[in-house]
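A.B. asks: Quick one: structure below, then a few questions.
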């Protein structure tokens with residue numbers, strides 16, 4: 001039975017969520033159209049650019065993404081604390097970057113003095129906008145409607161572009177977050193359409209690796225004090241930065257882990273054997289076989305919530321549920 005969205009997103013339990021959306025009828029509307037022979041990969045770039053724009057407006061950060069030919073994955077981190085700190089004017093400025101103005105708010109911005117009743121009405125409106133600017137459903141609405149309009153305009157047609165409402169999974173602990181990010185980043189490798197991580201187009205791992213290489217190159221050349229960030233500004237950073245919401249692992253450990261995992265799940269390298277597992281698996285006490293199953297089948301292993309059996313049991317109990325789907 002389909003559950004209401006509000007029952008699937010609980011910011012008191014976790015701020016990290018995995019979301020997926022597919023094109024209507026699972027057609028290849030973002031890749032090669034086998035009927036017409038046209039290629040629509042440029043639409044995948046539309047999505048990447050829209051991710052970046054929305055995360056600059058919403059208080060929602062991107063930890064990982066992959067845009068495939070007929071669907072996309074996002075791992076999102078909701079930062080309600082940051083949104084609560086915005087001033088009224090900051091909320092208005094962000095909202096106006098997406099939507100048309102509102103008469104009452106326009107008057108508030110232009111008039112030197114306003115009545116108490118007018119101010120109260122504006123405050124209520126801004127409070128509503130603030131809540132929407134850290135709401136995953138509103139983020140997805142602003143993402144999917146924009147892309148659908150662009151695609152329908154290009155195709156000179158009307159109708160649905162997306163299959164339906166997006167699917168989401170709450171990531172209840174660090175292991176769930178780590179395995180979900182790897183699952184998302186490894187999509188092109190697992191599908192056999194990319195030979196390695198650096199050539200996995202339209203993925204966050206490709207962007208992270210490119211940024212890291214630029215940083216290392218800058219250090220080697222010592223370009224007259226020119227500073228190149230080690231991590232992309234458009235993605236939630238890994239630990240080692242000043243960001244208190246950073247992903248609790250180092251980017252180098254993550255690169256090592258995903259590269260090692262990719263060599264095991266790549267269908268073109270089925271016979272590959274590497275006895276030296278990444279140290280992060282040992283540190284977190286994750287069994288190698290369990291890990292590889294997770295990065296191959298994460299979406300199918302869990303329902304709307306993902307985590308260790310203990311975390312899933314606690315979450316189910318807290319929400320008055322008898323159980324949550326889990327691998328074991």
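A.B. asks: How many residues does the stretch 102-127 hold that are closer than 15 Å to residue 88 by Cα and out of contact with any helix residue (DSSP H, G or I) (no Cβ under 8 Å at 6 or more places or on another chain)?
C.D. replies: Going through the stretch 102-127 one residue at a time, the tally reaches 5.
A.B. asks: For the stretch 286-318, give me each residue that is in a helix (DSSP H, G or I), more than 17 Å from residue 178 (Cβ to Cβ) and either under 24 Å from the mean Cα position of the chain (by Cα) or without any contact (Cβ under 8 Å) to a residue 40 or more places away in the chain (or both). Before the answer, list the steps.
C.D. replies: Here is the first cut: in the stretch 286-318, the residues in a helix (DSSP H, G or I) are 288-301, 309-318.
With more than 17 Å from residue 178 (Cβ to Cβ) added as a condition, the list becomes 300, 313-318.
If the condition is that a residue be in a helix (DSSP H, G or I), more than 17 Å from residue 178 (Cβ to Cβ) and either under 24 Å from the mean Cα position of the chain (by Cα) or without any contact (Cβ under 8 Å) to a residue 40 or more places away in the chain (or both), then 300, 313, 314, 315, 316, 317 are the ones that fit.
One line per residue, one yes/no per condition, for (1) more than 14 Å from residue 143 (Cα to Cα); (2) assigned by TED's automatic domain parsing to the domain that holds residue 91; (3) modelled with pLDDT of 90 or more; (4) assigned to a strand (DSSP E or B):
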| residue | (1), (2), (3), (4) |
| --- | --- |
| 3 | yes, no, no, no |
| 13 | yes, no, no, no |
| 17 | yes, no, yes, yes |
| 22 | no, no, yes, yes |
| 35 | yes, no, no, no |
| 44 | no, no, yes, no |
| 49 | no, no, yes, no |
| 54 | no, no, yes, no |
| 62 | no, no, yes, yes |
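A.B. asks: Taking residue 236 as the residue in question, decide whether it is at pLDDT 90 or above and outside any helix (DSSP H, G or I).
C.D. replies: Numbers: at pLDDT 90 or above: yes; outside any helix (DSSP H, G or I): yes.
So residue 236 passes the test.
A.B. asks: Which of (1) assigned by TED's automatic domain parsing to the domain that holds residue 180; (2) touching a helix residue (DSSP H, G or I) at 6+ places or on another chain (Cβ under 6 Å); (3) more than 25 Å from residue 244 (Cα to Cα) is the odd one out, the single condition residue 97 does not satisfy?
C.D. replies: The single condition residue 97 does not satisfy is (1).
A.B. asks: Go over the candidates 189, 226 one by one and state the one that is modelled with pLDDT of 90 or more and either assigned to a helix (DSSP H, G or I) or assigned by TED's automatic domain parsing to the domain that holds residue 303 (or both). Walk me through how you get there before you give the answer.
C.D. replies: Values: 226 fails: modelled with pLDDT of 90 or more.
Every option except 189 fails the conditions.
A.B. asks: Which residue is nearest to residue 55 (Cα to Cα), if the candidates are limited to the stretch 267-283 and must be in a loop (DSSP other than H, G, I, E, B) and at pLDDT 75 or above? Working first, answer last.
C.D. replies: Within the stretch 267-283, the subset in a loop (DSSP other than H, G, I, E, B) is 270-278.
Then keep just the ones that are at pLDDT 75 or above; that gives 277-278.
Working: 277: 34, 278: 31 Å.
Among them, the one singled out is 278.
A.B. asks: From 136, 147, which residue is under 24 Å from the mean Cα position of the chain (by Cα) and under 30 Å from residue 33 (Cβ atoms)? Walk me through it before giving the result.
C.D. replies: Working: 136 fails: under 30 Å from residue 33 (Cβ atoms).
Exactly one residue qualifies, and that residue is 147.
A.B. asks: In addition: Can you find a residue in the stretch 153-168 that is in contact with a helix residue (DSSP H, G or I) (Cβ under 9 Å, 6 or more places away or on another chain) and over 19 Å from residue 27 (Cβ atoms)?
C.D. replies: Yes.
A.B. asks: Counting just the residues of the stretch 90-104 that are surrounded by fewer than 14 Cβ atoms within 10 Å (Cβ to Cβ) and without any contact (Cβ under 8 Å) to a residue 40 or more places away in the chain, which one comes out farthest from the chain's Cα centre (by Cα)?
C.D. replies: In the first step, residues of the stretch 90-104 are kept if they are surrounded by fewer than 14 Cβ atoms within 10 Å (Cβ to Cβ); the result is 93, 97, 99-101, 103.
Cutting the leftovers down to without any contact (Cβ under 8 Å) to a residue 40 or more places away in the chain gives us 93, 99-101, 103.
Working: 93: 24, 99: 22, 100: 26, 101: 28, 103: 34 Å.
Taking the candidates together, the pick is 103.
A.B. asks: A further question on this structure: In the set 165, 149, 107, 160, which member is in a helix (DSSP H, G or I) and either crowded, with 17+ Cβ neighbours inside 10 Å or in the same structural domain as residue 203 (by TED's automatic domain parsing) (or both)? Steps first, please.
C.D. replies: Values: 165 fails: in a helix (DSSP H, G or I); 107 fails: either crowded, with 17+ Cβ neighbours inside 10 Å or in the same structural domain as residue 203 (by TED's automatic domain parsing) (or both); 160 fails: in a helix (DSSP H, G or I).
That would be 149, the only listed residue that is in a helix (DSSP H, G or I) and either crowded, with 17+ Cβ neighbours inside 10 Å or in the same structural domain as residue 203 (by TED's automatic domain parsing) (or both).
A.B. asks: Let me ask something else about it. Quick check on residue 198: is it in contact (Cβ under 8 Å) with a residue 12 or more places away in the chain, closer than 17 Å to residue 76 by Cβ and in a helix (DSSP H, G or I)?
C.D. replies: Values: in contact (Cβ under 8 Å) with a residue 12 or more places away in the chain: yes; closer than 17 Å to residue 76 by Cβ: no; in a helix (DSSP H, G or I): yes.
So residue 198 fails the test.
A.B. asks: Take the residues of the stretch 72-88 that are assigned to a helix (DSSP H, G or I) and touching a residue at least 12 places away in the same chain (Cβ under 8 Å): which is surrounded by the fewest Cβ atoms within 10 Å (Cβ to Cβ)? Let's see the steps before the verdict.
C.D. replies: Our first condition is that a residue be assigned to a helix (DSSP H, G or I); within the stretch 72-88, this holds for 80-85, 88.
Narrowing the set further to residues that are touching a residue at least 12 places away in the same chain (Cβ under 8 Å) leaves 80, 82-84, 88.
Working: 80: 17, 82: 15, 83: 20, 84: 11, 88: 18.
Per the stated criteria, the residue is 84.
A.B. asks: For the stretch 29-49, does any single residue satisfy the condition of being touching a residue at least 12 places away in the same chain (Cβ under 8 Å), under 28 Å from residue 244 (Cβ atoms), exposed (fewer than 13 other Cβ atoms within 10 Å of the Cβ) and under 24 Å from the mean Cα position of the chain (by Cα)?
C.D. replies: no
A.B. asks: Kindly indicate whether any position in the stretch 254-265 is part of a loop (DSSP other than H, G, I, E, B), modelled with pLDDT under 85, surrounded by 14 or more Cβ atoms within 10 Å (Cβ to Cβ) and assigned by TED's automatic domain parsing to the domain that holds residue 66. Reasoning before the result, please.
C.D. replies: Keep residues of the stretch 254-265 that are part of a loop (DSSP other than H, G, I, E, B), which gives none.
No, the stretch 254-265 contains no residue that is part of a loop (DSSP other than H, G, I, E, B), modelled with pLDDT under 85, surrounded by 14 or more Cβ atoms within 10 Å (Cβ to Cβ) and assigned by TED's automatic domain parsing to the domain that holds residue 66.
The values are calculated or read from the model by the stated rules, or taken from the named source; none is laboratory data. All values reported here derive from a predicted model rather than from experimental measurement. Positions of Cβ are generated from backbone atoms using ideal geometry, with glycine treated the same way; all protein chains shown enter the neighbour counts.
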